[in-house]
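What follows is a single structure, written as structure tokens, with notes after it.
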Amino acid sequence: PETNYWKGLLELLARACEGPRRSLERDQVMHDAFAAGSKQLLANGRPGFYFKPGSRLEHAREALRRYDEDPLYRALFERTGQLFAEQIRADLTAMRAGARVGLCAKWCPLPYHSFDRRTLICEGIARW
């Protein structure tokens with residue numbers, strides 16, 4: 001993206017993968033933690049009930065299911081991977097030439113971290 005909203009693109013992809021119910025649940029938990037000034041994400045806003053976002057296996061299963069069954073999500077996934085790969089290549093070329101680089105590398109997801117856990121996007125970027 002020209003305006004360097006790489007994180008926003010990843011967030012859009014993650015929310016599309018999770019679906020509206022899971023995205024709303026995550027937003028409510030994060031809002032409650034922020035309102036309470038807590039660093040811990042609490043389920044139901046109560047101490048002792050911690051929000052569990054799901055295991056890596058559950059996230060991967062959901063991401064693969066969404067990719068296989070939803071052509072709109074698949075197109076978003078592929079285009080996101082393509083945009084990141086193209087920009088990283090362009091930034092690498094610019095860096096080697098001593099020119100200015102963008103923020104793509106800063107926001108590029110890392111394997112097994114938040115956005116990759118939720119969408120498996122690192123594999124999509126690597127394919128391009």
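Computed from the coordinates by the stated procedures, all read-outs in this text should not be read as laboratory data. As the structure is a computational prediction, the values presented were derived from the model and not from experiment. Glycine also receives a Cβ, built like all others from the backbone with ideal geometry; neighbour counts cover every protein chain displayed.
Using the 10 angstrom Cβ neighbour count as an exposure proxy, how do D70, D27 rank, fewest first? Don't skip to the end; give the middle numbers.
On the way: D70 15, D27 11.
Going from sparsest to densest Cβ surroundings: D27, D70.
When the dipole is taken about the Cα centre of the range 6-127, and only Lys, Arg (+1) and Asp, Glu (-1) are charged at their Cβ, what size is it in debye, to the nearest 20? Working shown, then result.
Values: 21 positive and 15 negative charges, 56 e Å.
Magnitude of the dipole: close to 260 debye.
Cut-off is 10 Å between beta-carbons; in what order do E62, E11, E69 appear when sorted fewest neighbours first?
Details: E62 18, E11 15, E69 9.
So the residues, fewest neighbours to most, are E69, E11, E62.
With the dipole of the range 6-127 worked out from charges on the C-beta (+1 for Lys and Arg, -1 for Asp and Glu) around the Cα centre, which of A97, L57, F77 lies farthest toward the positive end?
Value computed over the given set: A97.
Sorted by average packing, counted as other Cβ atoms within 10 angstrom per residue and highest first, what order do 28-34, 91-97, 119-125 take? Present the calculation step by step, with values, prior to reporting the outcome.
Values: 28-34: 14.4, 91-97: 11.7, 119-125: 21.1.
Going by the mean number of other Cβ atoms within 10 Å, highest first, we get 119-125, 28-34, 91-97.
Ordered by residue, what ³J(HN,Hα) values in Hz, to whole numbers, does the range 97-113 give under the Karplus form 6.51 cos²θ - 1.76 cosθ + 1.60, where θ = phi - 60° and Gly and Pro are x?
Couplings: 8, x, 8, 6, 10, x, 9, 4, 5, 5, 9, 4, x, 9, x, 6, 9 Hz.
When a/c reaches 1.5 or more, the comparison of a/b and b/c decides; with that in mind, is the range 6-127 rounded, prolate or oblate per its Cα gyration tensor? List each step's numbers first, then the result.
Working: a/c = 2.72, a/b = 1.59, b/c = 1.72.
Oblate is the answer for the range 6-127, as a/c is 1.5 or above yet b/c matches or exceeds a/b.
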